[in-house]
Amino acid sequence: MKNIDSKGHVTGKSIYLDDIPLIQGTRFGVVFDSPVAHGTIESINYSKARAIPGVIKIITHEDIPGQNQIGGIIPDEQLFASKEVHFVGQPIALIIAESDQIAFAARKLIKIEISKNDVIVDPREAQQKDQLIIPPRTFELGDTKNSWENCAHIFEGQADSNGQEHLYIETQGAYAVPLENGHIRISSSTQGPTAVQRITARVLGVGMHKIEVDVVRIGGGFGGKEDQATPWAVMAALGVSILNSPVKVVLSRLDDMRMTGKRHPYSSDYKIGLSKDLKILAYETTFYQNAGASADLSPAVMVRTLFHGTNSYFIPNVKMTAYSCKTNLPPNTAFRGFGGPQGMFVIESALSHAAKELSISTHELQKINLLKDGNEFPYGQIADGVELNSIWRKMESKFDIKTIEKEINDFNANHSDMKKGFSLMPVTFGISFTKTPMNQARALVHIYTDGSVGVTTGAVEMGQGVNTKMLQIAAQIFSITPKRVKLESTNTTRVANTSPSAASSTADLNGKALEKACNALMDRLKICAADHFNVSSHDVAVKDGVVYTNENQTDLTWDQLVMMAFLKRICLTENGHYATPKINFDMDKEKGHPFAYHVYGLALTQVTLDCIRGTYDFDSVKIVHDFGKTMNPSVDFGQIEGGLIQGMGWMTMEDLQYNNEGQLMSNTLSTYKIPDIYSVPKTVTIEPLDTDGNDMAILKSKAVGEPPLMYGIGAYFAIDNAIKSFNPIFNSTFDAPFTHEKVLMGLYGPFDSE
Ligand code: MTE
Ligand code: HPA
Ligand code: MOS
């Protein structure tokens with residue numbers, strides 16, 4: 001089935017927040033934010049801004065009827081700064097005006113005096129000064145301390161990866177309208193409608209039942225709207241509660257880039273020990289996560305770094321410690337992979353380091369250390385259904401790694417100022433929210449009396465195609481054409497208490513809830529037909545809109561059956577509830593079985609370097625990916641391609657820069673470059689691994705949203721390998737992204753100043 005949104009997207013008919021027709025009297029909010037990264041507000045003078053015709057109200061912390069508190073995991077974040085400011089871009093007030101142009105003009109006239117405090121932008125400095133969001137956490141397996149003496153080779157180093165701007169096409173925003181009796185309806189560009197509802201209720205000091213949140217779809221989230229869509233929606237709702245008129249708050253691109261948090265930069269230390277026969281015996285690492293000025297989702301992101309710290313390898317002795325470090329940057333947040341990529345970058349750096357010292361190819365080391373069924377992850381889960389070895393074999397048989405390596409060596413021997421390199425990047429990613437209670441979902445299904453169907457789930461469509469998958473499930477179970485099924489907007493009054501659409505689990509959780517609801521309705525209808533034909537309900541089936549008994553076609557249609565059931569007063573509505581079975585995690589022991597299953601894959605990346613300019617082109621990326629049994633190949637292949645390119649952007653060109661004053665320097669699309677058609681690989685080949693799939697996955701079709709991002713890590717090491725064949729004294733810095741500047745330095749360095 002084609003993505004049900006493709007036509008609407010290419011014709012511009014799909015509805016996003018900005019396409020919602022405005023109610024007369026709608027007001028527009030623009031956020032006034034801190035120009036200083038750390039300090040105490042001494043005075044703010046709003047009088048000139050207020051004097052502009054068309055400015056209606058400037059809302060500050062003093063106007064909040066409930067709590068001035070939007071923290072999700074930890075209550076450490078104000079909606080509007082009251083006294084202290086902790087990052088450049090921190091909201092201080094909302095200017096509400098008749099148009100956003102007026103509000104923007106007013107913003108320029110606000111005078112603020114802030115006495116400055118010391119600014120910390122470096123996570124290691126924060127850790128030294130004991131500025132931590134939560135106490136550190138450690139995952140341990142075996143005994144590293146007593147393992148080092150058994151190691152034939154030990155290597156230590158540092159590996160850093162930078163942040164990443166989400167750059168969803170649709171910026172953050174919300175539109176809130178007043179209903180009767182003080183109720184408010186919010187249309188929000190959010191991955192987490194319930195988060196918006198909960199925090200709005202808290203700030204307004206009302207019950208959650210007074211706040212309705214509706215999402216038709218969002219123009220990309222990538223994690224950036226799991227938590228950080230909330231403040232703008234709360235501000236709009238606050239405006240509604242004060243003015244009793246509709247209020248729309250949509251961030252401009254520059255405001256969005258400045259005010260919102262991003263992927264967490266990490267700085268990490270590693271120590272890896274190998275046996276004589278190159279098995280990894282011991283691995284220790286310390287992760288310094290740059291959390292920004294408040295917790296947001298950082299504690300959860302930090303643990304996923306630990307969960308994926310050993311990536312696709314079995315290591316018997318492991319000790320990994322992570323610090324969530326408080327700095328004066330915007331609070332960093334979820335971003336596709338959710339800390340996993342940052343952890344994987346470090347172990348891949350350690351392996352690359354070891355391979356270089358041992359004068360072997362990294363992929364030899366990778367291959368002999370791959371995880372197998374029965375191995376224990378550092379968090380206690382026992383690996384099963386591991387596909388890494390079969391994936392590796394498939395890569396070798398399809399693409400002949402030896403020949404590729406030989407061709408590259410030949411090319412390099414024959415070219416002095418062009419060099420090629422390649423890398424292999426295995427990925428093992430755990431599917432489930434790491435916080436077990438979040439793994440639940442609901443779906444509401446109505447069969448209308450004409451046989452058509454309405455479906456609401458807690459899933460938010462953000463481009464990942466989840467609505468198409470939901471529609472497929474309902475149409476398949478009822479055996480009717482997808483045209484007769486409508487996917488309703490995601491709405492907190494129809495499906496409540498939802499987890500955000502995140503953790504790649506949206507289709508699994510909501511799809512399983514939907515499957516249960518549809519099956520329950522189907523069972524009811526079958527009993528009704530069985531009564532009618534005087535057969536057992538087990539002998540009733542519906543195929544392509546027609547009822548069958550004992551595999552014989554009857555003259556009863558689906559539509560007639562539905563009407564028959566209705567006349568018998570059988571309920572044609574069902575609410576399905578799903579909670580992932582088996583999973584658990586004990587935070588005291590840091591052990592458990594947190595993931596429903598794992599997704600596996602392998603990427604082979606080839607690059608050509610221009611050794612005069614330091615520029616590079618990716619010749620190809622070849623991927624063998626474990627889809628289980630994909631329920632929608634075109635949607636899933638799209639996720640692989642998009643995830644790969646987003647990961648490659650993070651590893652190569654997206655150069656997020658803050659100065660020491662905590663100001664974002666890469667604050668526009670001219671200074672922050674993401675991959676375009678010229679920087680993507682010339683070819684991307686995706687080979688699905690045929691497996692039986694996993695019963696914990698919806699229709700055995702494994703989650704696919706985040707895992708492919710980590711294939712992009714291969715880009716870093718392909719470049720690193722290519723530089724080595726030009727410059728034999730090159731010192732890998734393991735400092736992503738590998739920008740052209742860094743490549744040039746690598747080709748001709750090391751320099752004294754380094
Ligand atoms: N794909 C598109 N087109 N847009 C997005 O915002 N978000 C990613 C991924 N793929 C995203 C996307 C992230 S961060 C996650 S967690 C998953 O989709 C969420 O959707 P899923 O759970 O349905 O896979
Ligand atoms: N993944 C993504 N988002 C989340 C998670 C997770 O494991 N936990 C909380 N939010
Ligand atoms: Mo995705 S980072 O879990 O929204």
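Any read-out appearing in this document is the output of simple, stated calculations on the displayed coordinates, not a laboratory observation. Since we're looking at a predicted model, the values are computed, not measured. Cβ sites come from the backbone with ideal geometry, for glycine too, and all protein chains shown count toward neighbours.
Before moving on, here are some points about what is shown:
- Mean residue ellipticity (222 nm) of the chain, computed from DSSP H runs ≥ 4 via -39,500 (n - 2.57), nearest 500: -8500 deg cm²/dmol
- Normalised size of region 288-428, defined as Cα radius of gyration per 2.2 N^0.38 Å with N residues, equals 1.26.
- Estimated vicinal HN-Hα couplings, Hz - region 132-148 in sequence order (Karplus 6.51, -1.76, 1.60; Gly, Pro = x): 10, 6, 9, x, x, 10, 10, 9, 9, 9, x, 8, 5, 3, 8, 9, 4
- Förster radius 45 Å - calculated FRET efficiency between Asp544 and Lys589 (Cβ-Cβ, nearest 0.05): 0.30
- Prolate/oblate/rounded call for region 483-618, Cα gyration tensor, a/c under 1.5 rounded: prolate
- Separation between Cα centres of region 434-475 and region 616-687, rounded to whole Å: 29
- Region 289-391 - percent relative contact order, Cα under 8 Å, separation 6 or more: 31
- About the centre of its Cα atoms, the chain shows a dipole size close to 1380 debye [charges on the beta carbon of Lys, Arg (+1) and Asp, Glu (-1) only; nearest 20 debye].
- For region 135-226, with +1 on Lys and Arg beta carbons and -1 on Asp and Glu, the positive-most of Ala201, Thr144, Gln191 along the dipole: Ala201
- The convex hull defined by the C-alpha atoms of the chain has an orientation-averaged projected area of 34.7 nm².
- Evaluating 6.51 cos²θ - 1.76 cosθ + 1.60 at θ = phi - 60° for every residue in region 468-480, the Karplus couplings come out as 4, 5, 4, 4, 4, 5, 5, 5, 5, 5, 7, 6, 10 Hz, glycine and proline recorded as x.
- For the cross-link pairs Lys483/Lys568; Lys319/Lys367; Lys568/Lys700; Lys276/Lys398, the ones whose C-alpha atoms lie over 25 Å apart are Lys483/Lys568; Lys568/Lys700; Lys276/Lys398.
- Note: relative contact order over the chain, using C-alpha pairs below 8 Å and six or more positions apart, is 14 percent.
- The length gained on full extension between Asp417 and Arg50, counted as 0.36 nm times the residue separation minus their Cα-Cα distance, comes to 125.9 nm.
- When both region 18-63 and region 301-364 are represented by their alpha-carbon centers, they are found 42 Å apart.
- Positive-end ranking of Phe585, Ser536, Tyr597 along the dipole of region 521-625, with charges on Cβ about the Cα centre, is headed by Phe585.
- The amide H of Glu661, built 1.01 Å from its N in the peptide plane, has no neighbour under 5 Å, considering only residues 5 or more places off or on other chains.
- For Lys591, a cut-off of 19 angstrom between C-alpha atoms picks up these aspartates and glutamates, skipping any fewer than 8 places away in its own chain: Glu140, Asp143, Glu284, Asp373, Glu376, Asp384.
- Long pairs among Lys526/Lys702; Lys406/Lys682; Lys435/Lys622; Lys279/Lys356, criterion Cα-Cα beyond 26 Å: Lys526/Lys702; Lys435/Lys622
- Hz values of 3J(HN,Hα) by residue in region 63-75 - Karplus curve (6.51, -1.76, 1.60), Gly and Pro given as x: 8, 7, x, x, 9, 8, 8, 10, x, x, 7, 10, x
- The residue list Ser312, Leu254, Ala229 was ranked by how far each Cα lies along the charge dipole of region 225-341 toward its positive end, using unit charges on Cβ atoms, and Ser312 comes out on top.
- Close amide H partners of Asn439, meaning residues 5 or more places away or on another chain with modelled amide H under 5 Å apart, do not exist here.
- For Tyr313, the residues whose amide H sits under 5 Å from its own are Leu371, ignoring neighbours fewer than 5 places away on the same chain, with H placed 1.01 Å from N.
- Excluding same-chain neighbours fewer than eight residues apart, the aspartates and glutamates reachable from Lys469 by a Cα-Cα span under 16 Å are Asp5, Glu461, Glu488, Asp508, Glu515, Asp636.
- When only Cα pairs below 8 angstrom with a gap of at least 6 residues are kept, region 1-103 shows a relative contact order of 39 percent.
- Sequence ranges 473-484, 546-557, 234-245, ranked by mean other-Cβ count within 10 angstrom, highest first: 234-245, 473-484, 546-557
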